[in-house]
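To keep things clear, I will list the structure first and then write my remarks on it.
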Amino acid sequence: MNKLAQLDHAHVWHPFTQMRDWLRHEPIVIAEGQGAVLRDVKGKEYLDANSSIWTNLHGHRHPKINAAISRQLKKIAHSSALGFANEPASLLAARLVEAAGAGIYDLRFAICEPKVKVTRKSKIKNRKLEKVFFSDDGSTALEVALKLAYEFSRRARSAACPSALMRKFPPRFLSLDGAYHGDTIGAVSLGHVDLFHQAYGGMLFKTDKVMSPYCYRCPFNKAKPERADAREYRKCHWECVGLVEKKFSAQQKKENPFAAFVFEPLIQGAAGMIPQPAGWLAQTAEIARNYGALLIADEVMTGFGRTGAAKAASGKRQAETLFACPHENVQPDFLCVAKGLTGGYLPMAATLTTQKVFDAFLGEYEEFKTFFHGHSFTGNQLGAAAALASLEILQTEKSVRQRALLQKNLRDELQSLWSLPNVGDIRQVGLVAGVELVKNWRTREPFALRERAGIRVCEAMAQRGVLTRPVGNVIVLLPPYCTTAAQLRKMVSALHAAVAAVFE
């Protein structure tokens, strides 16, 4: 066994990993990367088919990001944001605000699908995102939004509600079944994945959940399985949206309306790459708005071009947007970003919010309205420099064209997987793809987690030179934006061969 692998086995505790299984095999030790290719210490090359856990947008060792970090290193690597400002963080905040405002259309829209047409108009005006709070990762970005929303709602209601009522009914939050928003205590409290979160139940505060629009396994979907994305042939009456309305209404009657609705827009990641049918987000966001709830959008995975270009209501034009919410013309009160923010180089996150939320924390020093929350590396100069370079790359015409072509090629390549009887559903949103493995596609019968179906397939893919990580029985493909057509073909063909080999 390689010396580094021995040291890993001796000392490193890996996240979300059953370490007994890990210690049975020699791990792949990554030594180098270039573009979409990773190389281990033995010289073997692999394709990075999940962008190094959904973070690496432009490929490894991108010259422009490397140069930006190098330039910043010649100035300063880090200084505190507690009491001081710095150049790259100030520039990045302005660029994020600008990017978050792009792609929002007039609030009248039409959602057209086979046999379904929904036309709605929001009664609530979207507020512009103007303020940026920097932190370290996706969990902390959600933690910031959670604390801000909690305290904003408490302060907004305190004038109208007696203090005793406020103590009895603190602000509550609604999120989706299967939600995963990170691993800090607040973020875990927002989550609803029992496998991940149940062990910490005694440490958490209670939040509410509503069903996820999981078309492939929705009890309201009366369609029989077909060889297509379940969203395309579903037969339902938007019961999932009706349940959201019912949940908000029931909470309103308790005289303690939800403070905020927390969601991943367009697709839930760790829940199993569960995509939302067109129109779901627009309708549920409108419901939340009409009940006075704030909107917290977790775009940790979906941000920075991962979900593709958004179409206007007419369908005749597109607007380049770096975020998922504009696809359904939704502007949240809190936009949480991380992962791809620095192009996959450095841990950095941001929570964007409105002037109205910011103003609720303004006061004289002795009033102590300060937001008492912070991180040692908030607004880190190296991270901000990398993020600025990444944003510049993302907004070039070349990058926009590359992403559009890669999205089309991914859709085309995935079609070959329908021939496999153990592929039940193939779900794609932009440059995110999830392939759900089942025992039989005609029955949708799932594999038990103890059968390790997803892990076995990913192990077989690694043997074929492609690295990714499953979410349960769902194989995830999130290629870096620099992935070539030939590399993408290899990723999908390796998946095809691995599924065939594992279940032959």
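Quick look at the values:
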read-out: Residue among GLU367, GLU397, GLU451, GLU445 that is touching a strand residue (DSSP E or B) at 6+ places or on another chain (Cβ under 8 Å), free of Cβ contacts under 8 Å to residues at least 12 places away in the same chain and surrounded by fewer than 19 Cβ atoms within 10 Å (Cβ to Cβ); value: GLU445
read-out: Residue match in region 352-359 (condition: of a type outside the set (D, E, K, R), buried (at least 18 other Cβ atoms within 10 Å of the Cβ), touching a strand residue (DSSP E or B) at 6+ places or on another chain (Cβ under 6 Å) and farther than 30 Å from GLU143 by Cα); value: no
read-out: Filter result for the condition that a residue is assigned by TED's automatic domain parsing to the domain that holds VAL210 and within 22 Å of LEU406 (Cβ to Cβ), over GLY292, GLY279, GLY272, GLY344; value: GLY344
read-out: Any hit, region 458-467, residues being surrounded by 21 or more Cβ atoms within 10 Å (Cβ to Cβ), touching a residue at least 40 places away in the same chain (Cβ under 8 Å), in a strand (DSSP E or B) and among the aliphatic types (A, V, I, L, M); value: yes
read-out: Conditions (1) outside the structural domain of ALA462 (by TED's automatic domain parsing); (2) assigned to a loop (DSSP other than H, G, I, E, B); (3) surrounded by 16 or more Cβ atoms within 10 Å (Cβ to Cβ); number of the one not met by ALA89; value: (2)
read-out: Entirely in region 332-430, the helices (runs of 4 or more DSSP H) that have 2 or more residues that are among the small types (Gly, Ala, Ser); value: 381-394, 397-414
read-out: Test for VAL476: is it within 27 Å of ARG444 (Cα to Cα) and in a helix (DSSP H, G or I); value: no
read-out: Subset of region 431-452 that is touching a Pro at 6+ places or on another chain (Cβ under 8 Å) and outside any strand (DSSP E or B) - its residue that is farthest from ASN473 (Cα to Cα); value: LEU431
read-out: Meets criteria (within 30 Å of GLU130 (Cα to Cα), within 28 Å of the chain's Cα centre (by Cα), among the β-branched types (Val, Ile, Thr) and assigned by TED's automatic domain parsing to the domain that holds ALA494) for THR17; value: no
read-out: Meets criteria (in the same structural domain as LEU414 (by TED's automatic domain parsing), under 22 Å from GLY344 (Cβ atoms), touching a Leu at 6+ places or on another chain (Cβ under 8 Å) and at pLDDT 95 or above) for ALA77; value: no
read-out: Unique match (being of a type outside the set (D, E, K, R) and surrounded by fewer than 23 Cβ atoms within 10 Å (Cβ to Cβ)) among ILE65, ILE69; value: ILE69
read-out: Residue under evaluation ASN56, criteria (1) touching a Ser or Thr at 6+ places or on another chain (Cβ under 8 Å); (2) within 13 Å of TYR481 (Cβ to Cβ), criterion not met; value: (1)
read-out: From VAL423, VAL435, residue being modelled with pLDDT of 95 or more, under 21 Å from the mean Cα position of the chain (by Cα) and of a type outside the set (D, E, K, R); value: VAL435
read-out: Test: residue in region 260-269 that is among the small types (Gly, Ala, Ser), within 14 Å of the chain's Cα centre (by Cα) and at pLDDT 95 or above; value: yes
read-out: Helices (runs of 4 or more DSSP H) wholly inside region 191-297 that include at least 2 residues being surrounded by 17 or more Cβ atoms within 10 Å (Cβ to Cβ); value: 230-233, 239-253, 280-290
read-out: Among residues of region 483-504, those that are surrounded by 23 or more Cβ atoms within 10 Å (Cβ to Cβ) and outside any helix (DSSP H, G or I), counted; value: 1
read-out: Checking ASP229 against (1) over 20 Å from ALA297 (Cα atoms); (2) in contact (Cβ under 8 Å) with a residue 60 or more places away in the chain; (3) touching a Ser or Thr at 6+ places or on another chain (Cβ under 8 Å), the condition it does not meet; value: (3)
read-out: Criterion: farther than 30 Å from VAL400 by Cα, outside the structural domain of MET301 (by TED's automatic domain parsing) and touching a helix residue (DSSP H, G or I) at 6+ places or on another chain (Cβ under 7 Å) - qualifying residue of ALA448, ALA497, ALA460, ALA453; value: ALA460
read-out: Residue match in region 409-423 (condition: in contact with a Gly (Cβ under 6 Å, 6 or more places away or on another chain) and under 21 Å from ALA36 (Cα atoms)); value: no
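The values are calculated or read from the model by the stated rules, or taken from the named source; none is laboratory data. Fair warning: this is a prediction, and the values are worked out from it, not measured in the lab. Please note: Cβ atoms are built from the backbone with ideal geometry, for glycine as well, and neighbour counts cover all protein chains shown.
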